[in-house]
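Enquirer: Mind having a look at this structure? Questions to follow.
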Amino acid sequence: MIHLFISAILFFSSPCDDLSRARTLFLAAVDDEDKATELLKLTQNAGRENPVLLGYQGIAKTLLAKHAFNPVSKYNYFTKGKGILETAIAAAPDNIELRYLRLTLQENVPSLLGYSDQINGDRAFIRSRLPGLADAQLKKMITDYIDRKSTRLNSSHLVISYAVFCLKKK
């Protein structure tokens, strides 16, 4: 009986552990190819029954594009990853974590890839759902991302404003 109880605990706790690990690896994988590969391995068996882990699988592939040298490999990783992420979002369109993953991707890929059509919708969706989000780890990830993005935008705006000010003085 105890063996069955322990097996049940391990079985049911695994997806949460995988999700927490996927989140940690995602943050590290942006700058570390080994972490991107580890994230892909962690999520390789994810399917439509677990759209969030499937979304992380898509993100892992797109991050491998960032670390690839060959332009054809970069493009192939990106398109495969994007497709996987969009499949995950189609399976769970109201999932804030998936929309966050897509937002981070769309805001950071080169514009020539033409993958920016959902930025405004995802931002609005995230803003509307973030206050009621109960998952503390996810809420911190999203808030940190938004704060970093805002700080970069604000500092860029200040530099541009200062440059315009200097030009107007002449």
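Enquirer: Show me, for region 99-104, the HN-Hα J-couplings you get by feeding each phi into the Karplus relation (A = 6.51, B = -1.76, C = 1.60, θ = phi - 60°), rounded to Hz, glycine and proline as x.
Expert: Those phi angles translate into 5, 5, 4, 5, 4, 4 Hz.
Enquirer: Would you kindly derive the ³J(HN,Hα) couplings of region 142-149 from the backbone phi angles with the Karplus curve 6.51 cos²θ - 1.76 cosθ + 1.60 (θ = phi - 60°), listing them in order in whole Hz, with x for Gly and Pro?
Expert: Here the 3J(HN,Hα) series is 5, 4, 4, 4, 4, 4, 4, 5 Hz.
Enquirer: Order 138-144, 81-87, 40-46, 53-59 from most to least packed using the mean count of other Cβ atoms within 10 Å.
Expert: Answer by packing, highest mean first, reads 53-59, 81-87, 40-46, 138-144.
Enquirer: Carbon and sulfur: what percent of region 36-151's accessible surface (1.4 Å probe)?
Expert: Carbon and sulfur together cover 54 percent of it.
Enquirer: Can you give the accessible area per residue of region 71-147, in Å², using a 1.4 Å probe?
Expert: Here the per-residue accessible area is 52 Å².
Enquirer: By its C-alpha gyration tensor, with a ≥ b ≥ c as the square roots of the eigenvalues, how is region 53-105 shaped: rounded for a/c under 1.5, else prolate for a/b larger than b/c, else oblate?
Expert: prolate
The values are calculated or read from the model by the stated rules, or taken from the named source; none is laboratory data. As the structure is a computational prediction, the values presented were derived from the model and not from experiment. Virtual Cβ from ideal backbone geometry, glycine too; neighbours counted across all protein chains shown. The protein model used for the area step is the full one, side chains on, heavy atoms only, and it has no ligands, DNA or RNA in it. Shrake-Rupley method; radii C 1.70, N 1.55, O 1.52, S 1.80 Å.
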